[in-house]
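J.: Quick one: the structure is below, and I'll ask about it shortly.
The values are calculated or read from the model by the stated rules, or taken from the named source; none is laboratory data. Everything numeric in this text was worked out from a predicted model, so none of it was measured. Note that we place each Cβ from the backbone using ideal geometry, even for glycine, and neighbour counts take in every protein chain shown. Ligands, DNA and RNA are excluded from the accessible area calculation, which covers all protein heavy atoms including side chains. Shrake-Rupley method; radii C 1.70, N 1.55, O 1.52, S 1.80 Å.
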Amino acid sequence: MAGDGRMMCGGKAANQAMAIAKLGGTVDFVSAVGSDAMADVVFATMRKFGIRVEHMQRSSAPTLTGVVIVSADGSNRIVVDPAATGKVSPADIEKQSEVIGANSVCLVSGDGFPDAAALAALTIARRAGVVTIFNPAPPPSPELRAAILRESSYVTPNEAEARVLSDVDSDDPEVLVRAIIGRGAQAVVMTLGERGAFVSDPAAGIETLVPAPHVEKVVDTSGAGDAFNGALAIALASGHGIVNAVRFACAAAAIITQGPGLEDALPLWEGLSVPPVGAAQ
């Protein structure tokens with residue numbers, strides 16, 4: 001028997017968008033929702049955060065829903081029904097080429113979003129000179145995996161996702177990240193939970209562990225990855241190099257674990273702002 005149940009707007013992409021907006025970024029959200037009451041909740045929540053939803057399409061399918069089960073130690077298990085989000089096609093994404101190309105960063109989450117649509121978004125962004133981030137949660141299918149990796153400026157797997165992407169059974173971040181780069185990725189930021197993140201960007205000559213701030217009491221880790229990716233995106237959009245951007249993302253993720261759910265924990269971000277470019281490393 002569970003307790004302390006609640007309903008809130010979420011999904012990885014929505015969480016990441018809210019994180020970026022909370023940190024002062026401008027977000028154009030491209031996806032799909034249903035024509036049901038949950039869609040109205042999504043629109044209302046996103047508008048509250050100032051997220052632009054003009055490019056969201058309505059579907060006859062239900063709005064994506066997920067069930068998040070959080071254990072006493074703050075770890076989580078998530079079951080997702082993609083529904084309307086899972087029906088977004090490459091043609092739907094092509095219609096949004098102009099808005100995708102007009103932004104500084106294109107962040108794509110694998111959460112319920114079809115692999116072919118993800119590849120289309122990343123390809124459009126890359127051709128327009130936009131920095132691309134792919135959060136493989138879950139990892140894409142083997143058929144499109146290599147193509148998606150090639151179109152991503154940065155791939156941001158956690159440890160389990162890194163094993164799938166690399167097809168290597170190892171606990172060594174260096175081994176996993178190098179294998180993913182060997183499969184076509186340009187740069188990899190592998191999140192390691194409380195340990196921080198391991199960064200490998202061969203073109204920049206960077207391979208290093210960025211430690212995470214210490215958190216005294218973890219309440220809920222379910223939004224940490226989304227907070228990390230959102231903060232990484234806005235830091236890169238602000239002109240930061242990858243190491244400084246990851247350091248900022250680790251701080252954001254650490255803060256979010258101290259409250260229940262990403263939306264409810266967002267007020268903890270008051271006072272956390274993107275450091276100016278050129279700030280001390």
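J.: Just a yes or no: is a residue in region 9-16 basic (Lys, Arg) and surrounded by fewer than 19 Cβ atoms within 10 Å (Cβ to Cβ)?
T.: No, there is no match, as no residue in region 9-16 is basic (Lys, Arg) and surrounded by fewer than 19 Cβ atoms within 10 Å (Cβ to Cβ).
J.: Of all residues being touching a strand residue (DSSP E or B) at 6+ places or on another chain (Cβ under 8 Å) and assigned to a loop (DSSP other than H, G, I, E, B) in region 181-190, which is most open to solvent (accessible area, probe 1.4 Å)? Just the residue, please. Lay out the reasoning, then the answer.
T.: Kept after step one, since they are touching a strand residue (DSSP E or B) at 6+ places or on another chain (Cβ under 8 Å), are these residues of region 181-190: 181, 185-190.
Checking which are assigned to a loop (DSSP other than H, G, I, E, B) leaves us with 185-187.
Details: ALA185: 6, GLN186: 70, ALA187: 3 Å².
That would be GLN186.
J.: Sticking with this one: Take the residues in region 64-88 that are surrounded by 14 or more Cβ atoms within 10 Å (Cβ to Cβ) and of a type in the set (Gly, Ala, Ser); name whichever of them is nearest to CYS9 (Cα to Cα).
T.: Looking at the filtered set, the residue picked out is GLY66.
J.: In addition: With (1) part of a loop (DSSP other than H, G, I, E, B); (2) within 23 Å of ARG145 (Cα to Cα); (3) more than 16 Å from the chain's Cα centre (by Cα); (4) at pLDDT below 90 as the list, and ASP111 as the residue in question, which single condition is left unmet?
T.: Every listed condition holds for ASP111 apart from (3).
J.: Residue check: is LYS12 touching an Asp or Glu at 6+ places or on another chain (Cβ under 6 Å), at pLDDT below 90 and under 30 Å from ALA235 (Cα atoms)?
T.: Yes: the conditions hold for LYS12.
J.: Residues being assigned to a helix (DSSP H, G or I), open to solvent by 40 Å² or more (accessible area, probe 1.4 Å) and under 22 Å from GLY241 (Cα atoms): count how many of those fall in region 127-180.
T.: 4
J.: What about ALA61, is it surrounded by 17 or more Cβ atoms within 10 Å (Cβ to Cβ), out of contact with any helix residue (DSSP H, G or I) (no Cβ under 9 Å at 6 or more places or on another chain) and under 21 Å from ALA117 (Cβ atoms)?
T.: So ALA61 does not fit the description; no.
J.: Give region 98-111 a look and list any residue that's open to solvent by 40 Å² or more (accessible area, probe 1.4 Å) and of a type outside the set (A, V, I, L, M, F, W, C), or say none.
T.: GLU98, ASN103, SER104
J.: Something else: Can you work out which of the residues in region 32-50 that are in contact with a Cys (Cβ under 8 Å, 6 or more places away or on another chain) and buried (at least 19 other Cβ atoms within 10 Å of the Cβ) is farthest from ALA21 (Cα to Cα)?
T.: If we take residues in region 32-50 being in contact with a Cys (Cβ under 8 Å, 6 or more places away or on another chain) and buried (at least 19 other Cβ atoms within 10 Å of the Cβ), then VAL42 is farthest from ALA21 (Cα to Cα).
J.: Determine the pairs where a residue that is part of a helix (DSSP H, G or I), located within region 8-19, has a partner that is of a type in the set (Val, Ile, Thr) with Cβ atoms under 6 Å apart, the partner being 6 or more residues away or on another chain.
T.: Listed by first residue and then by second, the contacts come to ALA17/VAL27; ALA17/ILE51.
J.: Do the conditions hold for GLY205, that is, is it out of contact with any Leu (no Cβ under 9 Å at 6 or more places or on another chain), crowded, with 23+ Cβ neighbours inside 10 Å and not aliphatic (A, V, I, L, M)?
T.: Considered against the rule, which asks whether it is out of contact with any Leu (no Cβ under 9 Å at 6 or more places or on another chain), crowded, with 23+ Cβ neighbours inside 10 Å and not aliphatic (A, V, I, L, M), GLY205 comes out as no.
J.: Taking the stated definitions as given, is VAL80 under 20 Å from LEU232 (Cα atoms) and assigned to a strand (DSSP E or B)? Spell out how you get there, then give the answer.
T.: On the way: under 20 Å from LEU232 (Cα atoms): no; assigned to a strand (DSSP E or B): yes.
Spelling it out, it is not the case that VAL80 is under 20 Å from LEU232 (Cα atoms) and assigned to a strand (DSSP E or B).
J.: Right, here's the next one. Filter region 218-246 for residues that are of a type in the set (Gly, Ala, Ser) and in a helix (DSSP H, G or I) and give the result.
T.: ALA224, GLY225, ALA227, GLY230, ALA231, ALA233, ALA235, ALA237, ALA245
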